[in-house]
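Take a look at the structure below.
Since every read-out is calculated from the coordinates, none of them should be taken as a lab result. Quick caveat: nothing in here was measured; it's all calculated off a predicted structure. Ideal geometry is used to build each Cβ from the backbone, glycine not excepted, and the neighbour counts take in all protein chains shown.
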Amino acid sequence: MGRFSRLGNDLYSGRRSVDFVGRTRIWYAMSGVIIVAAILGLYFRGLNFGLEFRGGAQFTVTMPAGQATQDNADKLRDDVAGSGIKAAQQVVVNTAGKNNIIIETEPLTPNESDQIEATIEHSVGITKAGISTDEIGPSWGKEVAKRSATGLVVFLVLVVLMIWGYFRQWKMSVAAMVALAHDLVITVGIYALSGFEVTPATVTGVLTILGFSLYDTVVVFDKVRENTKNLRASHQTYSEAANLAVNQTLVRSINTSLVALIPVGAILYVGAVQLGSGSLKDLALALFVGMAAGAYSSIFIATPLLAHMKSLEPNVQELEKRLKARRRHEVDRYASVPSYTDDMPIADEPRQPVAPGDREEQAATAPYGGNRPQSNTGASGRGRVVPQARRPVRPSSGSGRAQPTRQSKSKRGKK
């Protein structure tokens, strides 16, 4: 845990970084493969709609402990299908836990329902008290599907308005919607590939995971907005600031997803393995797949897509050009010097520096011992000004006299 905490601190401070935004092609390719598999599953296998959507009759057979086996389920399937009732030709029989077997058929008349019950009693040798019957009309299933679609549309519209009103950027709403559609397609494709029934509990789970995915995306976008509030002062491009935001929220997203997935996975195991059938299993599968896909999309899809759309804006592109030029200049200060071309303007050559030995030689050969300044350009830019000479320097009459010398205090006055 100590290493994980240090990793989180390094990611938040920027000492370590995972390039999520710069590797968008990899993430898009991975998502593309998963989405194609989901679409193929929907096309070839389709969704297994539950009894609530298609309508029909359901018989729940309660048997003594240990007798709700697959052999008895197969025997019931053959006997019910061979009863001669047309609505029972495509019968679906599943075990539900250790004591129940569920039989589903198309809608039946009261006489046909009584005949199916008699067939079940004769097949497995139980009484009528051990059989419970539920009749669901197809009109009720259509109403459930209609209301589910209406609820999904209303949810998406409110999400778009909420994100646009909070962030004041329509591109964030678009990126969030793409991530939500990504999660929805993957969840529906998993249902098609796994063969799980689509029930009202499934619709509830789908709406729940869309909210979870949106919550994680909004958290990342809020950090992106904070990091990109003043890009010129931070000396970062929009993509770099967005990538830093993903790294800063990475540990939090992983922890939140794991804490949510562990209990949902336990519910899925109990519903699918221990109970065998029911709304608990359908709800748990939608939650598990959707939460995992939502955590993935908020990191690998939503933020890279937002950074890509923002990089097309002229002001963001201009800022990126300036930062690249500045960084190139910091690495090599002479990188901005233009190369020589024939059409370059002619300029005076700069004054060449004089070495100490050459300076003494020039002073010896110059007229009057080199005391006269030749030019006042050498002092330019150094904080002093050389005065102009009023007239030429001439030899002094006292140049041949003996100059006084300074003696030490102890020798003064002594001969």
What residues qualify as long-range amide H neighbours of A96, i.e. H under 5 Å apart, gap of 5 or more or another chain, H built at 1.01 Å from N?
-> I101, I102
Would you kindly state how much longer the chain becomes between V154 and A181 on full extension, computed as 0.36 nm times their sequence separation minus their alpha carbon distance, in nm to one decimal?
-> 8.3 nm
How about segment 19-81: which trypsin sites (Lys or Arg not before Pro) there are in a DSSP loop, with at most 16 other Cβ atoms within 10 Å of their Cβ?
-> R23, R45
Per residue of segment 212-222, in order, report the coupling 6.51 cos²θ - 1.76 cosθ + 1.60 (Karplus, θ = phi - 60°) as ³J(HN,Hα) in whole Hz, putting x for Gly and Pro.
-> 5, 4, 5, 4, 5, 5, 5, 4, 5, 5, 5
Viscosity 1.002 mPa s, temperature 20 °C: Stokes-Einstein D of segment 56-136 from its Kirkwood Cα radius, in µm² per second?
-> 175 µm²/s
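Once you list every other residue whose beta carbon is under 11 Å from the beta carbon of D134, what net charge do they have if Lys and Arg are +1 and Asp and Glu are -1?
Details: positive: none; negative: E52, E104, E135.
Once positives and negatives cancel, what remains is -3.
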How would you rank 288-294, 306-312, highest first, on the average number of other Cβ atoms within 10 Å across their residues?
-> 288-294, 306-312
According to a simple spin-label model (label point 7 Å from Cα along Cα-to-Cβ), what is the distance in nm between K324 and M309?
-> 2.4 nm
